[in-house]
Amino acid sequence: MKHIVVDLEMNNIRRRSEARKICTNEIIEIGASMLDENLWEIGKFQIYVKPEYNDVIVPKISKLTGITNEMVANAPDLSTVMMHVCEFLGTEATIVGLQVQEFLAGFLCTAAQKTGAPLNVAIVLDLLHMAQALMEPKKGFRYRYIDILTRLDIATDTGIMGYVDMFNKL
């Protein structure tokens, strides 16, 4: 079975948008690494998504993610992107990520449903839940991505491969 490590980058939805009644963020980038049963990377996927509900990338989001307005200006829309994502994920993969159950899988499934993309997620492994179950709590420690990487002595500038290293160490 393949494992897919997924990371989403999000942008705020305009305050006056009707869409904000449902959600406050929209996907602006999807990154994924495909791992074999030995957790070796066998494929990579990265694509920007043109924002639908905000004309610009919010400055704090741009600073946090490094994604600029220019990078998404000519990007495909979400429905086109979701077709590519579904093609990459396939039908027999375990989705791995941080906050996968509550956040990431929900966003992907909602986006797939909205766009008609054939996404079928059967199994998810949530690294946040794994970290909370396996790591001894320490005073002042929060279970944020950067904190978990630091505590596991994983470089914090490795992008999506940080998830792979986290998965291996947990």
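Can you work out the Karplus-derived ³J(HN,Hα) for every residue in the stretch 30-36? Use 6.51 cos²θ - 1.76 cosθ + 1.60 with θ = phi - 60°, whole Hz, and x for glycine or proline.
Values per residue, Gly and Pro as x: 10, x, 8, 10, 9, 10, 7 Hz.
From the phi angles alone, apply the Karplus equation (6.51, -1.76, 1.60; θ = phi - 60°) to the stretch 59-72 and give each ³J(HN,Hα) in whole Hz, x where the residue is Gly or Pro.
Whole-Hz 3J(HN,Hα) from phi for the stretch 59-72: x, 5, 6, 4, 5, 5, 9, x, 8, 10, 4, 4, 5, 9.
ASN25's amide H: which non-local residues (gap 5+, or another chain) put their own amide H closer than 5 Å, with H modeled 1.01 Å from N in plane and none for Pro or chain starts?
Close amide H contacts, sequence-distant or interchain: ILE13.
Using modelled backbone amide H atoms (1.01 Å from N, in-plane), which distant-in-sequence or interchain residues come within less than 5 Å of GLY43's amide H?
MET34
Ranked highest first by the average count of other Cβ atoms within 10 Å around their residues, in what order do 146-155, 60-69, 124-133 fall?
In decreasing order of mean packing, 146-155, 60-69, 124-133 become 124-133, 146-155, 60-69.
Using DSSP to define loop residues, name the GluC sites (Glu not before Pro) in the stretch 8-37 whose beta-carbon has at most 12 other beta-carbon atoms within 10 Å.
Answer in residue order: GLU37.
We did not get these values from a lab; they are worked out from the coordinates using the rules stated. Predicted, not measured: the structure shown is a model, and the values here were computed from it. Backbone-built Cβ (ideal geometry, glycine too); neighbour counts: all protein chains shown.
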